[in-house]
Amino acid sequence: MERIAVLTSGGDAPGMNACIRAVVRSALNNKMDIYGVERGYAGLIKGEIVRLGHRSVSDIIHKGGTFLKTARCPDFKDIEVQRLAADALSAYGIDGLVVIGGDGTFRGAKDLSNNFNIKIMGIPGTIDNDLAYTDFTVGFDTAVNTVIGAINNLRDTMHSHDRVSLLEVMGRSCGDIALYAGVAGGAEYVLVPEIEYDLDKIASSIKKSYLRGKTSNMIILAEGAGKRDEIAKYVTEKSGINVKVTNFGYIQRGGSPTMFDRVLAARFGSKAVDLLKNDADSCAIGIKDNKVITVSFEEVAKAKKTFDKELYNVAHVLSL
Ligand code: ADP
Ligand code: F6P
């Protein structure tokens, strides 16, 4: 394989730039031509393809977002739209592709690879950490650290006013950002979509803790676990203590990637190029027990994410 391309797709994640850099520099080191596709599959079907060199990826390792830009392209489910992508790659003589994104991006990669016989390597890049086959995705660690910063700030003001704080974090239907940030930030309550929770119990425990002299409490809510304003209203009414709502939003998706995300990006990016160079079958790259692994896109689609209940229980024990 002599000519490959790289794209980022779905929601951006810190570390995507570091990952593109790793792909580009590894490809050049292997004497391969390397191209960047702008705006994910949306740009690919329009032939938005540019040649990349060593200097194209200078000074981006520390930057959040993705300099290739990203997009959502709902039409990509249609095989005729996928054909446009295959045609664009073939017009440039590109015979291998690296896609960096989440589960949707991998579904697109599976179709494009199966329907048009294109070699594609998938790198997990999403803050959500919602891919079952890998322990971690690029961007998750940075997002959690950014949320911890928000928790620290909230603690200062909540403690000063004797208030309860409810902080909503992202993650779609996955509670990992809430769980890890909750444990690391010392939150009293972590509400995730994977585990049922009882608002009456939470309200009564907040009330009791006030009577014991603990005057501020932190609730972390994963976005998939319920409606923040309704939960806050209910707990306020039941406990008699005002719950202040913060929706952290897109701030947690930006920022300079952590060491963990940069190293993960480097390992994944160089592995993707190695696999393409050796003409390996299309697959997703991941990390299990600190070893880089490969899994077929079919297996990725079948794998069911398990929630770390042990860590969830630890969060509760430590918050007492
Ligand atoms: P993520 O990759 O972060 O999960 P999305 O779910 O938005 O983000 O998916 C990114 C893109 O992947 C979509 O906009 C679409 O172009 C493509 N995609 C998603 N699902 C499919 C599918 N079932 N078939 C083909 N392409 C898909
Ligand atoms: O997948 C990353 C993510 O930030 C999710 O946590 C969130 O639900 C979603 O993307 C938001 O998507 P959009 O950028 O389209 O608002």
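No value in this document is a laboratory result; all are computed from the given coordinates. What you see is a predicted model; the values in this text were computed from it and never measured. FYI the Cβ positions are ideal-geometry reconstructions off the backbone, even for glycines, and counts take in every protein chain you see.
What's the angle, to the nearest 10 degrees (0 to 90), between helix 228-239's Cα axis and the longest principal axis of the chain? Taking the Cα atoms of the chain, the angle to 228-239 is about 20 degrees.
With K and R counted +1 and D and E -1, the other residues having a Cβ less than 13 Å from that of P193 yield a net charge of -4. Which residue, chosen from I219, V164, T70, occupies the Cα position most advanced towards the positive end of the dipole of the chain, where the dipole is computed from +1 (Lys, Arg) and -1 (Asp, Glu) charges on Cβ about the Cα centre? Result: V164, furthest along the dipole toward the positive end.
With viscosity 1.002 mPa s and temperature 20 °C, the Kirkwood radius over alpha carbon pairs of segment 4-102 converts through Stokes-Einstein to a diffusion coefficient of 160 µm²/s. Diffusion of segment 153-216 by Stokes-Einstein, at 10 °C in a medium of 1.306 mPa s and with Rh set to the Kirkwood radius over alpha-carbon pairs, works out to 123 µm²/s.
Just report the Cα centroid separation between segment 78-125 and segment 204-273, whole Å. Cα centres, segment 78-125 to segment 204-273: 35 Å. The longest part of the chain holding none of the exposed loop GluC sites (Glu not before Pro), meaning those outside H, G, I, E and B in DSSP with at most 14 other Cβ atoms within 10 Å, is 3-195. Let's test the formula: R0 of 22 Å, r as the Cβ-Cβ distance of I293 and S256. What FRET efficiency results, to the nearest 0.05? After rounding to 0.05, the efficiency reads 0.20. Applying 0.36 nm per residue to the separation of Y92 and N115 and subtracting their alpha-carbon distance, the gain on full extension is 6.4 nm.
What does the extension gain come out to for D156 and N313, with contour length at 0.36 nm per residue minus their alpha carbon separation? Fully extending the segment from D156 to N313 adds 54.0 nm. Is the C-alpha gyration tensor of the chain telling us rounded, prolate or oblate? Criteria: a/c under 1.5 is rounded; beyond that, a/b larger than b/c is prolate, otherwise oblate. The shape class here is prolate. Taking Lys and Arg as +1 and Asp and Glu as -1, the other residues whose beta-carbon sits under 11 Å from that of T142 total 0.
So if R0 is 45 Å, what FRET efficiency would R55 and K302 give, r being the distance between their Cβ atoms, rounded to the nearest 0.05? After rounding to 0.05, the efficiency reads 0.60. Mean silhouette area of segment 162-310, derived from the convex hull of its C-alpha atoms and averaged over all directions, reads 11.0 nm². Legend: distances between Cα atoms for K201/K238; K227/K305; K110/K291; K69/K288; K63/K271; pairs beyond 19 Å are K227/K305; K110/K291; K69/K288; K63/K271.
Note on K227 and E2: the model spin-label points, each 7 Å out from Cα along the C-beta direction, lie 6.0 nm apart.
For segment 249-304, the equivalent ellipsoid built from the Cα gyration tensor has semi-axes of 24, 16, 11 Å, listed from largest to smallest. Of the residues V50, G102, G125, the one whose Cα sits farthest toward the positive end of the charge dipole of segment 45-137, with +1 on the Cβ of Lys and Arg and -1 on the Cβ of Asp and Glu, is V50.
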